[in-house]
1. Answer yes or no: is there a residue in the stretch 107-125 that is closer than 27 Å to residue 57 by Cβ and outside any loop (DSSP other than H, G, I, E, B).
2. Would you tally the residues in the stretch 125-142 being over 15 Å from residue 89 (Cα atoms) and in contact with a strand residue (DSSP E or B) (Cβ under 9 Å, 6 or more places away or on another chain)?
3. Which ones in the stretch 54-90 are open to solvent by 30 Å² or more (accessible area, probe 1.4 Å), under 18 Å from residue 143 (Cβ atoms) and touching a Ser or Thr at 6+ places or on another chain (Cβ under 7 Å)?
4. Under 8 Å between Cβ atoms, which residue pairs at least 6 apart in sequence (or on different chains) link something in the stretch 146-159 that is within 17 Å of residue 46 (Cα to Cα) with a partner that is among the aliphatic types (A, V, I, L, M)?
5. When residue 107 is evaluated against the numbered criteria (1) open to solvent by less than 40 Å² (accessible area, probe 1.4 Å); (2) modelled with pLDDT of 95 or more, which criterion, by number, is the only one it fails?
6. Which is of a type in the set (Gly, Ala, Ser) and in a strand (DSSP E or B), of 145, 151?
Amino acid sequence: DAYDGTMHFYIADPSDPLRRPGERHLRNIRQLTFGGENAEGYFAFRGDRLVMQSTRDSFPCDQIFTMRLDGSDLRLASTGRGRTTCAYFLPGDREVLYASTHEASPDCPPRPDYSHGYVWALYDYDLFVARADDPSRAIVRRLTANTGYDAEATVSPAGDRIVWTSHRDGDLDLYS
């Protein structure tokens, strides 16, 4: 079958007594997401929530959501405008880091041409920190303000460094 772009999140319980004989890695797999296109899910520092990007409901392109590990308590963490990607919790799990195009335009950027296979579009993203579960989705701070691509950020295990990809010098490089 052809891949239709739909992704869902699953979680496995390593203590499941009903695991398949010989299976050492995945046990008691449960589906966490239903509907939408879901991608790039990452654990909170406490390990009790996920942050992910998802196109769902009334959002025409990817937004950032958080949810509990049982799939409940799905909450919008981004503004609901533009396209978002690559979210991570910051230490304390009250804030999330993500990239968004909403400053360049509140609309979704055009989809790239997939006629020759998968491509990742280098939209005009900037990095933002927002409250993880605030209903007002208030942005705490904007970290980059460059024309072009600033995205794919990740947070160090200690939470003291952010690394991201940028096109600010004419080609894709890593910055921290």
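The values are calculated or read from the model by the stated rules, or taken from the named source; none is laboratory data. These numbers were taken from a predicted model, which means no experiment stands behind them. Cβ: placed from backbone, ideal geometry, glycine included. Neighbour counts: every protein chain shown. Accessible surface is based on the protein model in full, side chains and every heavy atom, while ligands, DNA and RNA are left aside. Shrake-Rupley method; radii C 1.70, N 1.55, O 1.52, S 1.80 Å.
1. Scanning the stretch 107-125, I find no residue that is closer than 27 Å to residue 57 by Cβ and outside any loop (DSSP other than H, G, I, E, B), so the answer is no.
2. Matching residues across the stretch 125-142 total 5.
3. The one that is open to solvent by 30 Å² or more (accessible area, probe 1.4 Å), under 18 Å from residue 143 (Cβ atoms) and touching a Ser or Thr at 6+ places or on another chain (Cβ under 7 Å): 88.
4. As it stands, the answer is 154/162; 154/163; 155/90; 155/97; 155/162; 156/162; 156/163; 159/90, since those pairs meet every condition given.
5. Single failed check for residue 107: (1).
6. Testing whether each residue is of a type in the set (Gly, Ala, Ser) and in a strand (DSSP E or B) leaves just 151.
Residues are listed down the side, and each one gets a yes or a no for (1) within 25 Å of residue 107 (Cα to Cα); (2) at pLDDT 90 or above:
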residue	(1), (2)
26	no, no
50	no, yes
58	yes, no
70	no, no
73	no, yes
